[in-house]
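This report concerns only the one structure given below.
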Amino acid sequence: MPDGTPAWEDIARDHGRFLYNVGYRLAGNDADAADLAQEALLRVRRGLESYRPTGSLEGWLARIVTNIFLDEVRRKRRRPTVALGDRDDVLLPPSPAPDLATAHDRLSDEIQAALLQLPEEYRVAVVLCDVVDMSYDEIAAYQGVPVGTVRSRIHRGRSQLRELLT
């Protein structure tokens, strides 16, 4: 692309694992993480022409995945799903694609389970800071809240993680 914007194929190839990893940290399971990554790539494809690099590409991608996750959380609140019953022994989780299998190995299952117990506002802040490596200022701008709120959410989220892990 003439203005330095990467091609969609390059983003999909070079950042697909990153999208999956962020999705996994937010959603906590392979199927939802793969869905989040796939939906993010679709949105990237639609929005790439209007994308103007102002920050990091990974920051933009992380915001897309996080927005999709939060949209899904809100949708589920409006339309709760009905449980399938006690026959979960017959439902086997799908195995992740080979190229995505190692994306969630950097954090232990124990840490991931603790992350999922955090309130979503704390979980999103902690994931964006500690997994995506966004700065407090970037997170504040993305979430539309003051930097002090971001600091508070990250501090409280990390404190709750410590309690859950000890």
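The values are calculated or read from the model by the stated rules, or taken from the named source; none is laboratory data. It should be emphasised that the depicted structure is a prediction, and the values quoted were computed from it without experimental measurement. Glycine gets a Cβ as well: all are built from the backbone with ideal geometry, and neighbour counts include every protein chain shown.
Values computed for the structure shown
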{"item": "Matching option when the condition is surrounded by fewer than 18 Cβ atoms within 10 Å (Cβ to Cβ), part of a helix (DSSP H, G or I), at pLDDT 75 or above and not assigned by TED's automatic domain parsing to the domain that holds ARG17, among ASP137, ASP71, ASP89", "result": "ASP137"}
{"item": "Failed item, numbered, when VAL145 is tested on (1) at pLDDT below 85; (2) outside any helix (DSSP H, G or I)", "result": "(1)"}
{"item": "Only one of GLU49, GLU39 that is modelled with pLDDT of 80 or more and either outside the structural domain of ASP137 (by TED's automatic domain parsing) or within 11 Å of LEU19 (Cβ to Cβ) (or both)", "result": "GLU39"}
